[in-house]
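Novice: Have a look at the structure that comes next, please.
The values are calculated or read from the model by the stated rules, or taken from the named source; none is laboratory data. If you're wondering where the values come from, they're calculated on a predicted model, not measured in any experiment. Counting neighbours? That spans all protein chains shown, and the Cβs are built from the backbone with ideal geometry, glycine included. Only protein heavy atoms, including side chains, enter the accessible area calculation; ligands, DNA and RNA are left aside. Shrake-Rupley method; radii C 1.70, N 1.55, O 1.52, S 1.80 Å.
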Amino acid sequence: MESLYERKTLHDIVRNLASDASTTKHHVRPARRPVFGTFPEDLHPPLLDALRRLGIERPYSHQAQAIAAARRGENVVLTTPTASGKTLCYTIPVVERLLEDRGSRALYLFPTKAVSHDQYVGLQTLLDALDAKLGTFTFDGDTPADARRKVRDHGHIIITNPDMLHAGVLPQHTSWLKLFENLRYIVIDELHTYRGIFGSHVANLLRRLLRIARFYGSTPQVIACSATIANPVELATKLTGLEFTLVGESGAPQGEHHVVCYNPPVVNRQLGLRASALRTATRVASQLIESGVSTIVFAGSRLHVEVILKYVRESLVRAHLSPSLVQGYRGGYLPQRRRRIERSLRSGDVRAVIATNALELGIDIGSLQACVIVGYPGSIASLWQQSGRAGRRSESALTVFVARSSAIDQYMVTHPEVLIGASPEHARINPQNLFVLVDHVKCAAFELPFEPDERFADLQAHETKEVLEYLQTHGVVNESAGRFHWMQRVYPATHVSLRGIPEENFVVIDVKTTQVLAEVDFRSAHTTLYTHAIYNLDASQYQVEELDYENHKAYVRRVEPDYYTTAMTYTRVGVLDEDNSGRAGVAALGCGEVLVTTKFLGFKKIRFQTGENVGYGDIHLPDLEMHTNACWFTLPATLLADIDVDLATAVDGLVAVSHALQVSATVTLMCASGDMGRSVGDRSAETALEIASSSFRRPSKGPRGRRGFRLDDFEPTVFLYDDMPGGVGLAGSVFKRFDAIVARATELVTHCGCHAMGCPSCIGPMPAYDGEIRRASLAVLQLLTLNRQ
C-alpha cells in the first residue's frame, strides 16, 4: 500500500486497493438510474404543493407502490436499501389522513431515542413546508414531566421507542384516551432490528398495543420499514399477528459502488497469524481521511472503536492535520456528545467517524464517500446496511471489508461470492419464549383484565388460560366470573426489560472532577469496568480505581498507559432437560434446555501499536447465568482416547470441532454470528471440563494431564447454544440440520489454506499449529459421520 501522506482521489485509492495482493475480491455495483412512479391524482392538494416546494416532483416507484397500498388500507412492509427514501412511504399516507381528519392519531415506533429524534427533524421539515398545525412530539425518557400532558392531549403524531411504549404508555393507557380512541396508523421503522430476544419482547409488546387499541375501538393500520432481510413479511407477521403487503423493489437511484474484500497478509505462516485487522483498517481509513474522503469506520466493539480512533488521530497528527477531524461514536457516550458528533458530520466539520453498529441505523449523518468495515459484522444484512452508509446521495462510493483472523471472517473473505451474491439472513424471533411470554401476560393483565376465552399473542384460548392459571397460583392474578384481574401492588413493566438485560446501567465517574463520563450496560460492565481495567473514551484512557458493584458506579482516573486491557472469560454449559435425541455417527445427539454460566477469570494488558501481552490481572466479579436452548453431541471418552494423538491434543481437537461447527452453523442457518455460542464440557455438568475462551491462559501441564482430567471424569460434549435467554429456535435448527453443518465444518477444516497445519481460521485459537490438533479435529468430525456400529 502506498504512502499515506500522498493525497489521492477516491478512484486512485480504489485502483490501489484493487491491485493489492491481499485483495480477494473487487466487486463493482453499477450505478442505477431512478425509476419513478406518480402521486395519486386525488392526493391532498396542500400536501402535494408542500412536496413540490421541497423539490419532490415525483415519487420513486417503490414510494408510489407503498403509498397506494397504504391508501387502500393494507398493512405494508417495505424493504429497500439504505437512503432509498423509505420515510416518505409512511409519512405521506399518515399526514394525508391527519389533514383529512384532525382527530386521527399516529404512533411512530423507532428502536432508539437517537433515531426517533433524527426522524422528528425530517418530519417537521415537511410539516413546516405544509404549514399544518399538526402536533408532532417525541415521547421518551428525556421528555420533561411538564411537557408530557401536552404530548398526550395535543399530539397527532407521537414518536417513541419500544422501551417507552412498554413502560410509559401502555400501563397508563387511560391517560392516552385521545391516542388510543383515534389511532389510525402505527409506523414501525428499522424492522430488521427486532430480532432475537429483543424482537421476541417487541412482538409481545405490539400484541399488547393492539389489544389496548381494540379495547378503545381502534383498528390501526401498520406500515413497517426494514433493511433488506430474507423474511420481511414473515417477521412483520410474527411481530404483529397481521397480514402484510410487501414492497421490495427499489426505484431509487444508486451511484457506482466499489466493494473491496481485503485479507491482511500472513505475517507468521507457522502460527497462521495475519497482520492486525485494526492496524490495516487504520491504514486504509487514514489514507481516505487524509485525502479528503469522508469516511465511516465500523468496528466490532466499543474497545476497537477507541483503539482505532487513537491510531487514526495519531496518524492525522503526523500528517499535520487536526485530530478533531475524526470522532468516535458508540454506546456509552452521553447523548449530548452523540448529538454533537451527528451535527458535525452533517455540517462537514468532522470528516470521519469510528463507530460501532450504533450508526448502522437510519440516523442522518450526511453524505459519506467511503465505509471501512473491520471484521465481519455478524450478518450479511448488517454488512450491506453498514456499506449503505457510503454513497447515500448517488455519488460513487467505496466499501472496504477488512477481515480478521477469525474463522467466520476468513470464510467470508475467501468465499467472497457468499458476501456478494448470497441473500441476507432470516431475522428470527420466538414470541412464545416462556421467559418472555409470561412477563408480557403479566403486563397485559395489569393493563386490562383478561376476558373469558381471550387469546394472547399466538396462544390459543386454552393456552392463554393455562398461563393465567399458573400466575394465579403465584398470587399474581385473580379469577372472578371467568375474568382474570391483576392483584399485586407492583408495576410489572418496570421489572421487564425488553432488551433482556433487566439490571440498570453502570455510570463511569471521574474521581478528580466527579463528572459522569459515560454509561455502560450491565453485562458489558463485567468485561470493561473491573478494578484496574483501562476504560477507553474518546481516544483517552482512564483506569478504574474502584467498582461499586452494588450501586452500579465505576470511579476512574485519567492515565496515559501504553496498553489497554481485555477481559478473559470462559463458559460452562449444563443440561437441564433433553427434548430431542438422536445419533450423529457414533455420537449421541441431543437438544434441549441448558444453563450457561459465564465466569470472569482475569484480564490481559495489551500494548498499543504492537499488540503484545505485557501483563495480567485478576477480576473478582460474580458469575452470570443464562437459561437457554442448545444442541449437543457426546462422544464416548474411549473413542476420544483412541484418536492417534495424546489425550490433551484430542481434547484440543474437540475444541477445534466446536469452533468449526459454530462457523458452519452460522453460515448454514443464515443467522448472525453473535446469535450462537459454543462450549466444550461434560454432558452432566457435574465434572465439567471448563474450556476457556481464546483469551484464557492455559494451565500448565500437571500430573493429571494438561487440564487435569481423567477419562472416567467426564463425557466429552460439544454444545452449540442460542446466545440469548430462552433462545429463538436456533438450537432446534442445528439439531435438524446437523449432518449438513458437520459436512460444511469438515470442508472448512479440510480446505483451509494453512497447508494442513491448522490455523486460527479453521480450528480457532490453539497453543500450537503443528498439524496434530487439526488431525484430531478431522478425526472427531469423521466420528460424527460414521455409521453406528
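Novice: If you place +1 on the Cβ of every Lys and Arg and -1 on the Cβ of every Asp and Glu, how big does the dipole about the Cα centre of the range 381-516 come out, in debye to the nearest 20? It would help to have the intermediate numbers written out before the result.
Specialist: Working: 12 positive and 17 negative charges, 124 e Å.
For the range 381-516, the charge dipole is close to 600 debye.
Novice: Gain in length, GLN124 to LEU786, computed as 0.36 nm per residue apart minus the alpha-carbon separation, to one decimal in nm?
Specialist: On the way: separation 662, 0.36 × 662 = 238.32 nm, distance 6.51 nm.
Here the segment from GLN124 to LEU786 would lengthen by 231.8 nm.
Novice: On to the next question. Taking the Cα centre of the range 205-329 as origin and charging only Cβ (+1 Lys, Arg; -1 Asp, Glu), how large is the dipole, in debye to the nearest 20? All intermediate terms of the calculation are to be shown ahead of the outcome.
Specialist: Working: 13 positive and 7 negative charges, 119 e Å.
Using only the charged Cβ atoms, the result is roughly 560 debye.
Novice: Projecting each Cα onto the charge dipole of the chain (Lys/Arg +1, Asp/Glu -1 at the beta carbon, about the Cα centre), which of ILE380, ALA493, LEU242 comes out farthest on the positive side?
Specialist: ILE380
Novice: Using 0.36 nm times the number of residues separating ARG214 and GLU74, minus their current alpha carbon distance, what extension gain do you get?
Specialist: On the way: separation 140, 0.36 × 140 = 50.40 nm, distance 1.76 nm.
So the chain would gain 48.6 nm between ARG214 and GLU74.
Novice: At 1.4 Å probe size, with the rest of the protein present, what percent of the exposed accessible area of the range 407-484 is carbon and sulfur atoms? Spell out each step's value before the answer.
Specialist: Numbers: 1690 of 3410 Å².
Here it works out to 50 percent.
Novice: Tell me, what is the FRET efficiency for VAL317 and VAL511 to the nearest 0.05, using R0 = 41 angstrom and their Cβ-Cβ distance as r?
Specialist: Numbers: r = 29 Å, r/R0 = 0.70.
It comes out at approximately 0.90.
Novice: Sticking with this structure for a sec: Kindly rank 202-208, 91-97 from highest to lowest mean number of other beta carbons found within 10 Å of each residue.
Specialist: Values: 202-208: 25.6, 91-97: 24.0.
Top to bottom by mean Cβ count within 10 Å: 202-208, 91-97.
Novice: Multiply the residue separation of ASN551 and SER301 by 0.36 nm, subtract the distance between their alpha-carbon atoms, and state the gained length in nm to one decimal.
Specialist: The span from ASN551 to SER301 would gain 87.5 nm if fully extended.
Novice: Let me check against my output: what whole-number percent is the relative contact order of the range 222-366, with C-alpha pairs under 8 Å and at least 6 apart? Present the calculation step by step, with values, prior to reporting the outcome.
Specialist: Values: 146 pairs, mean separation 27.3, N = 145.
This gives 19 percent for the range 222-366.
Novice: Let me ask something additional. Quick check on the chain: of the DSSP beta bridges with both residues there, what percent are antiparallel, nearest 5%? Before the final figure, lay out the partial values.
Specialist: Numbers: 80 of 132 bridges.
Roughly 60 percent of the DSSP beta bridges within the chain come out antiparallel.
Novice: Quick check for you: with a 1.4 Å probe and neighbouring chains kept, what is the accessible area per residue of the chain, in Å²? Could the numbers behind the result be given before it?
Specialist: Details: 31940 Å² over 789 residues.
Using a 1.4 Å probe on heavy atoms only, each residue of the chain averages 40 Å².
Novice: Over the range 347-389, with every protein chain in place, what whole percent of the accessible area is carbon and sulfur at 1.4 Å, could you tell me?
Specialist: Numbers: 360 of 940 Å².
Result for the range 347-389: 38 percent of the exposed heavy-atom area is carbon or sulfur.
Novice: Considering only protein heavy atoms and a probe of 1.4 Å, how much of the accessible area of the range 172-330 is carbon and sulfur, as a whole percent?
Specialist: Details: 2630 of 5100 Å².
For the range 172-330, the apolar C and S fraction of the accessible surface comes to 52 percent.
Novice: Now for a different question. Assign unit charges at the C-beta atoms only (+1 for Lys and Arg, -1 for Asp and Glu), then state the dipole size of the range 484-553 relative to its Cα centre in Debye, rounded to the nearest 20.
Specialist: On the way: 5 positive and 10 negative charges, 60 e Å.
Approximately 280 debye in magnitude.
Novice: Please arrange GLU243, GLU454, GLU625 by accessible surface area, largest first, computed with a 1.4 Å probe and ligands excluded. Intermediate results must be reported in sequence, preceding the final value.
Specialist: Working: GLU243 160, GLU454 40, GLU625 120 Å².
The ordering from most to least exposed comes out as GLU243, GLU625, GLU454.
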